[in-house]
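See structure below.
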Amino acid sequence: MNRPVSRRSLLGKIAAAVAGVLAAPAAKAAKTIAQKVLVSTDAPKGYDPTQHKWVMAIDANRCIGCGFCAEACKKENHVPEGPYFRTWVERYIITKPKPGSGAARGETLVDSPDGGIHGYPEAPVPKEEIQHSFFVPKLCNLCHHSPCVQVCPVGASFDAPDGTVLVDPNYCIGCGFCIQACPYGCRFLSPITKTAEKCTLCYHRITRGLKPACVEVCPTQARIFGDLKHPVPDDPIQQFYQNNLVMALKPHLGTEPRVFYAGIDKEVR
Amino acid sequence: MRRFLNMPPQVFRIVLLAVGIVVAYSIARYFLTPPSFEEYGFYRGAALAELATRDRVYAGKKACDECHSDEYQMLMKHEHKGLACESCHGPGEAHAEDPRKDNIQRSGYAACLRCHEANPSRPKWHKQIVSKNHYTGKCTECHVPHSPSEVP
């Protein structure tokens, strides 16, 4: 194979090589331009999501059902008017069993009118017939194995390294799969943005060193918030685990919620 | 090489088409993948920073303490120390930015009863009243909200 190289083929090869060398930076430049058009970043600096692990805990023994948390959440996060909540408070009423029925307890009645923001109407059963009644604040359970993240077809729903479960509003296509997947009903499709929305643990607050709005306004410290990677002296989260017997919601689903509850009944779902 | 090019034309076309699809996909992926994708995982890392840029509505206790430290200190010494200022006075970021009387709530009678009206679902340790049997005037005639045990 010792064919002479023709001038034409040599020139052609040189031209191809030059074009190749020029094309690489041109492609890079084109990529940066394309990305600048598609993505805008004017984000604050100084917060490293890998250095935190946020968690919330709920002490239902302390919840008085004032609804300040649900109201603050709506205002802080501009949650649409109507039946849309990132956090809400449920009232559980367990009635006494009917005499002679042989049951340990009666019916379980659950309501959360307007998320509890405007209080609760008179109990549907007279006080004498109530065996046990209590309030349970609800929010995103910050699952280890989030079903909502698993079903997202576009990677818009994700488990952030700092423990929050977030939705990228620019990439959410509003298909609603995550809303069906969440076993705790913690997501909704915003009628304004047409994207899925959920509790972000007030991401814009916690990244600036503030507490989530619901924790801030809770008058009885029924909501406890902290960073597992940076426990403070007398850390409220550590004290919560020390002083309470805790449980998670729907543990049989294997979602491994990171939000633990103290003082709730087995009827709570 | 020559043998490869001598493959039957119908096979050659299919191979060419397949190569074309792969190349087109690679080019599209190269240009359309956001730069921060897979920074932390299979999602756009920049979304974290974008979600953190929202403005807050509630300022937090510390912001109130800057101007109203007398009330704040008083609150911290008494039974209502667990309350945030914004529990009763509503969101205060606008007021903290531009302190005026008309951009913050003056808390009232309803705020007291929101927590203290008797309700069988409330825990027993919490102080509750049946307002219509308790008193029909203003709460503040007998109670100081910032130090509830004090009598005015």
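Past the 19 Å Cα-Cα mark, which pairs from A:Lys98/A:Lys250; A:Lys127/B:Lys124; A:Lys75/B:Lys124; A:Lys96/A:Lys127; B:Lys77/B:Lys132; A:Lys211/B:Lys61? Don't skip to the end; give the middle numbers.
On the way: A:Lys98/A:Lys250 28 Å; A:Lys127/B:Lys124 14 Å; A:Lys75/B:Lys124 30 Å; A:Lys96/A:Lys127 10 Å; B:Lys77/B:Lys132 30 Å; A:Lys211/B:Lys61 10 Å.
Checking Cα-Cα distances, A:Lys98/A:Lys250; A:Lys75/B:Lys124; B:Lys77/B:Lys132 exceed 19 Å.
Filter the trypsin sites (Lys or Arg not before Pro) in region B:104-145 to those in DSSP coil with at most 11 other Cβ atoms within 10 Å of their Cβ, and list the result. Walk me through the numbers before you get to the answer.
Details: sites: B:Arg106, B:Arg114, B:Lys124, B:Lys127, B:Lys132, B:Lys138; in loops: B:Arg106, B:Lys124, B:Lys127, B:Lys138.
Loop-located and lightly packed - B:Arg106, B:Lys124, B:Lys127, B:Lys138.
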>> With an 8 Å Cα cut-off and a minimum separation of 6 or more residues, compute the relative contact order for chain A in percent.
In response: 25
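What number, rounded to the nearest 500 deg cm²/dmol, is the helix-based mean residue ellipticity at 222 nm of the protein assembly as shown, given -39500 (n - 2.57) per DSSP H run of at least four residues and division by all its residues? Intermediate values should be presented prior to the final figure.
On the way: 16 runs with 141 residues, N = 421.
Rounded to the nearest 500, the figure is -9500 deg cm²/dmol.
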> Looking only at Cα atoms, what is the convex hull volume of region B:2-52 per residue, in Å³?
Replying inline: 96
> How do A:Leu249, B:Leu17, A:Leu166 line up, fewest other C-beta atoms within 10 Å first?
Replying inline: B:Leu17, A:Leu249, A:Leu166
> Points 7 angstrom from Cα along the Cβ direction at B:Asp98 and A:Ser6: gap in nanometres?
Replying inline: 7.9
>> How would B:Ser149, B:Ser87 line up from fewest to most surrounding beta-carbon atoms within 10 angstrom?
In response: B:Ser149, B:Ser87
> Regarding the protein assembly as shown, what whole-number volume in Å³ per residue does the convex hull of its Cα atoms give?
Replying inline: 236
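Averaged across the residues of A:49-55, what count of C-beta atoms belonging to other chains lies within 10 Å of each residue's C-beta?
Working: counts 6, 1, 0, 0, 0, 0, 0.
So the per-residue partner count for this stretch is 1.
Can you list, largest first and rounded to whole Å, the semi-axes you get for region A:193-269 by taking the square root of 5 times each eigenvalue of its Cα gyration tensor? Kindly include the intermediate steps, with their values, before the conclusion.
Working: eigenvalues 94, 82, 31 Å².
Its equivalent ellipsoid spans semi-axes of 22, 20, 12 Å.
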> Which whole-number percentage describes the relative contact order of region A:48-156, with Cα contacts under 8 Å and a sequence gap of 6 or more?
Replying inline: 31
> When only alpha-carbon atoms count, how far does region B:39-152 stretch along each of its three principal axes, as whole angstroms with the largest first?
Replying inline: 61, 36, 26
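A:Asn61 to A:Ala103: extension gain in nm, 0.36 nm per residue of separation minus the Cα-Cα distance?
Working: separation 42, 0.36 × 42 = 15.12 nm, distance 2.53 nm.
Taking 0.36 nm per residue and subtracting the Cα distance, the gain is 12.6 nm.
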> Roughly how many Å is it from the Cα centre of region A:176-195 to that of region B:105-136, as a whole number?
Replying inline: 35
> Over chain B, what is the relative contact order in whole percent, taking alpha-carbon pairs under 8 Å and six or more residues apart?
Replying inline: 17
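Throughout, read-outs are computed from the coordinates displayed, never taken from laboratory work. It should be emphasised that the depicted structure is a prediction, and the values quoted were computed from it without experimental measurement. Positions of Cβ are generated from backbone atoms using ideal geometry, with glycine treated the same way; all protein chains shown enter the neighbour counts.
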